[in-house]
């Protein structure tokens with residue numbers, strides 16, 4: 001059982017979160033003022049702080065906690081929902097930001113991750129007095145010299161260990177990714193629940209910018225003809241300008257029942273329909289007219305990508321990448337099993353090729369209870 005400090009000026013939010021924390025077997029220590037929270041941190045040394053922001057500024061609380069206990073993780077329970085504010089709190093040092101409702105299930109992943117963090121303990125070693133240390137000091141110097149010489153020759157003769165493998169997956173600061181695109185510099189991920197598009201730096205997957213689309217429920221997305229195209233619920237395809245606000249150029253009704261993937265091959269826009277199991281080839285007119293349609297040669301299409309030569313799909317049923325002949329997508333060139341999805345813990349929702357490797361995003365199965373995840377796939381690609 002861990003001690004969890006709970007900061008909330010709102011009794012209703014405090015009761016809701018206290019119940020969720022105690023359901024997981026932890027002890028909640030409540031404070032309604034910043035001074036009381038700091039007193040709890042000093043005396044009880046909790047393993048985690050959960051702070052509610054419901055009109056109150058948690059930025060000052062994060063600042064005070066960073067001074068008092070810099071290694072203590074802080075989870076901010078945000079109310080009301082705001083993607084911009086969540087991003088700001090993460091930049092101010094929040095370990096994670098949770099949107100309401102704060103159920104036991106939604107809180108479980110944040111508690112598990114935060115409580116895995118451990119601080120570093122320091123021990124003060126008092127020196128010997130000068131008179132007692134002198135004889136022992138000569139012996140220790142000689143012993144250290146002998147050990148260093150032996151270690152030097154041992155290191156020269158032993159092979160160097162291989163460098164650690166670079167990371168290939170990262171948790172996302174949101175739970176419902178629904179599409180993935182690459183603009184040549186950044187990875188763009190849509191989250192249908194928060195109605196937000198997040199831009200990530202591929203080097204470390206840090207969030208560069210987040211933009212909420214209040215009039216849309218963004219799903220699959222791709223770049224085509226100097227615009228961002230988004231499949232939005234319910235059954236709408238939207239063309240956005242690439243300006244700071246992603247201004248809408250036009251909207252058109254989607255003739256396919258369930259579009260779950262989009263990709264652009266330089267001439268045609270390809271979409272996949274999970275309900276009917278079909279791949280559609282469209283022209284970029286004001287109706288995104290379907291000019292050809294093909295049965296999907298797999299189990300359950302989840303996303304599409306184009307690598308400059310072939311059309312690829314991510315098959316959620318068979319948990320594999322499928323390479324299609326661009327001239328006849330019914331013809332499968334290659335199937336590649338994705339080990340990241342073999343255990344069944346993730347539901348893929350987006351796919352893109354950045355010129356060197358494939359990326360995919362996924363919800364936690366079955367219903368996105370915890371943070372989403374992004375994967376970089378190291379798979380062999382045939383020479384071009």
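The values are calculated or read from the model by the stated rules, or taken from the named source; none is laboratory data. Nothing here was measured: the structure is a model prediction, and the numbers come from that model. Heads up, the Cβs are rebuilt from the backbone with ideal geometry, glycines too, and the neighbour counts pull from every protein chain shown.
In table form, for the structure just shown:
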{"item": "Residue check for residue 188: without any contact (Cβ under 8 Å) to a residue 60 or more places away in the chain and farther than 26 Å from residue 77 by Cβ", "result": "yes"}
{"item": "Which numbered condition residue 348 misses (of (1) surrounded by 15 or more Cβ atoms within 10 Å (Cβ to Cβ); (2) within 21 Å of residue 224 (Cβ to Cβ))", "result": "(2)"}
{"item": "Matching option when the condition is out of contact with any helix residue (DSSP H, G or I) (no Cβ under 6 Å at 6 or more places or on another chain), assigned to a helix (DSSP H, G or I), in the same structural domain as residue 20 (by TED's automatic domain parsing) and modelled with pLDDT under 75, among 109, 144", "result": "109"}
{"item": "Hits in region 258-276 (condition: surrounded by 14 or more Cβ atoms within 10 Å (Cβ to Cβ), free of Cβ contacts under 8 Å to residues at least 40 places away in the same chain and within 21 Å of residue 347 (Cβ to Cβ))", "result": "258, 273, 274"}
{"item": "The lone exception for residue 98 - which of (1) in contact with a strand residue (DSSP E or B) (Cβ under 7 Å, 6 or more places away or on another chain); (2) touching a residue at least 24 places away in the same chain (Cβ under 8 Å); (3) outside any loop (DSSP other than H, G, I, E, B) it fails", "result": "(2)"}
{"item": "Complete set of residues in region 45-64 that are modelled with pLDDT of 85 or more, within 13 Å of residue 7 (Cβ to Cβ) and not in a strand (DSSP E or B)", "result": "46"}
{"item": "Leading residue by the ranking (modelled with the highest pLDDT) among those in region 334-346 that are closer than 25 Å to residue 107 by Cα and assigned to a loop (DSSP other than H, G, I, E, B)", "result": "345"}
{"item": "Some residue of region 231-238 being free of Cβ contacts under 8 Å to residues at least 24 places away in the same chain, more than 28 Å from residue 322 (Cβ to Cβ) and not in a strand (DSSP E or B)", "result": "no"}
{"item": "Members of region 263-280 that are under 13 Å from residue 306 (Cα atoms) and over 28 Å from the mean Cα position of the chain (by Cα)", "result": "266, 267, 268"}
{"item": "In region 363-384, the residues that are closer than 22 Å to residue 102 by Cα and in a strand (DSSP E or B)", "result": "363, 364, 373"}
{"item": "Complete set of residues in region 243-257 that are without any contact (Cβ under 8 Å) to a residue 40 or more places away in the chain and within 25 Å of residue 211 (Cβ to Cβ)", "result": "243, 244, 245, 247, 248, 249, 250, 251, 252, 253, 254"}
{"item": "Test result for residue 78, closer than 24 Å to residue 196 by Cα and either modelled with pLDDT under 75 or surrounded by 15 or more Cβ atoms within 10 Å (Cβ to Cβ) (or both)", "result": "yes"}
{"item": "Filter pass, residue 199 being loosely packed, with under 14 Cβ neighbours inside 10 Å and outside any loop (DSSP other than H, G, I, E, B)", "result": "no"}
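Matching residues to (1) within 19 Å of the chain's Cα centre (by Cα); (2) outside the structural domain of residue 230 (by TED's automatic domain parsing); (3) under 23 Å from residue 188 (Cα atoms); (4) modelled with pLDDT under 95:
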{"position": "313", "(1), (2), (3), (4)": "no, no, yes, no"}
{"position": "348", "(1), (2), (3), (4)": "yes, no, yes, no"}
{"position": "351", "(1), (2), (3), (4)": "yes, no, yes, no"}
{"position": "355", "(1), (2), (3), (4)": "no, no, yes, yes"}
{"position": "360", "(1), (2), (3), (4)": "yes, no, yes, no"}
{"position": "368", "(1), (2), (3), (4)": "yes, no, yes, yes"}
